């Protein structure tokens with residue numbers, strides 16, 4: 001199974017991707033985790049990405065596309081994957097379509113988690129306090145939510161038009177949300 005997990009920051013994509021990964025026995029691939037790894041290890045990509053993330057901006061497509069394609073081509077992703085945090089804009093949808101065609105691995109579904117803005121803000125403030133993430137300042141959070149609404153939310157229409165979109169309420173107990181996703185995927 002090849003899935004996208006989509007939704008605004010703070011909706012629980014990472015949590016649900018990890019649970020779905022365990023359920024289906026496929027890797028959860030988070031672009032955020034890949035970037036944080038590069039930041040922690042001070043790689044060249046990490047240094048470049050840090051400046052964007054500290055301003056609450058998204059890392060440029062060309063950097064992100066390369067990382068995603070390399071990751072999807074790895075052996076552990078041959079039988080499926082869950083992609084969290086990508087695509088974020090129309091150009092990345094096109095890049096992902098091309099990657100999947102090159103790899104001969106079609107997308108099965110796009111899962112969209114939804115939650116009200118106040119719930120998202122509360123979750124991200126809690127995450128910032130618990131994890132001390134430099135990219136979770138109130139200003140950066142607000143900017144990322146605005147960017148999501150402007151650039152990423154419209155992508156849901158693309159996957160809906162392709163008959164691939166599964167919309168799930170992202171509010172409630174973690175296990176309940178996970179069960180809703182699995183039920184809607186029909187697995």
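How big is the gap, in Å, between the Cα center of the range 48-94 and the Cα center of the range 118-187?
16 Å
So for the range 2-185, averaging the separation of alpha carbon pairs under 8 Å that are six or more residues apart and normalising by length, what relative contact order in percent results?
Details: 246 pairs, mean separation 62.6, N = 184.
Relative contact order comes out at 34 percent.
Most fluctuating residue of 63, 156, 20 in a GNM of the chain with Cα springs under 10 Å: which is it?
Fluctuation is largest for 63.
Can you give the FRET efficiency to the nearest 0.05 for residue 97 and residue 130, using r as the Cβ-Cβ distance and R₀ = 35 Å?
Details: r = 36 Å, r/R0 = 1.04.
Approximately 0.45, to the nearest 0.05.
Can you give the helix-only mean residue ellipticity at 222 nm for the chain, where every DSSP H stretch with n ≥ 4 adds -39500 (n - 2.57) and the sum goes over all residues, rounded to the nearest 500 deg cm²/dmol? List each step's numbers first, then the result.
Values: 9 runs with 103 residues, N = 187.
Estimated from H runs of four or more residues: -17000 deg cm²/dmol.
How far is it, in nm, from the label point at residue 116 to the one at residue 37 when both lie 7 Å from their Cα along the line to the Cβ?
Inter-label distance under the simple model: 3.8 nm.
Quick check: from the Cα gyration tensor, does the range 33-112 come out rounded (a/c under 1.5), prolate or oblate? Write out the running numbers ahead of the final one.
Numbers: a/c = 2.12, a/b = 1.61, b/c = 1.32.
Since a/c reaches 1.5 and a/b is larger than b/c, the shape of the range 33-112 is classed as prolate.
First obtain the Kirkwood hydrodynamic radius of the range 2-185 from its Cα pairs, then insert it into the Stokes-Einstein equation at 37 °C and 0.692 mPa s, and state the resulting D in µm² per second as a whole number.
Values: Rh = 16.7 Å.
Rounded, D is 196 µm²/s.
What FRET efficiency would be calculated for the residue pair residue 74, residue 162, taking the C-beta separation as r and a Förster radius of 30 Å, to the nearest 0.05? Kindly include the intermediate steps, with their values, before the conclusion.
Working: r = 25 Å, r/R0 = 0.85.
For R0 = 30 Å, the calculated efficiency reads 0.75.
Can you give the extra length, in nm with one decimal, that the chain gains between residue 150 and residue 137 once fully stretched, where that is 0.36 nm per residue apart less the Cα-Cα distance?
Working: separation 13, 0.36 × 13 = 4.68 nm, distance 2.00 nm.
Gain in length upon complete extension: 2.7 nm.
Taken together, the values in this text are just the output of simple stated rules run on the coordinates, not laboratory data. No experiment lies behind these values; they were computed from the predicted model shown. Note that we place each Cβ from the backbone using ideal geometry, even for glycine, and neighbour counts take in every protein chain shown.
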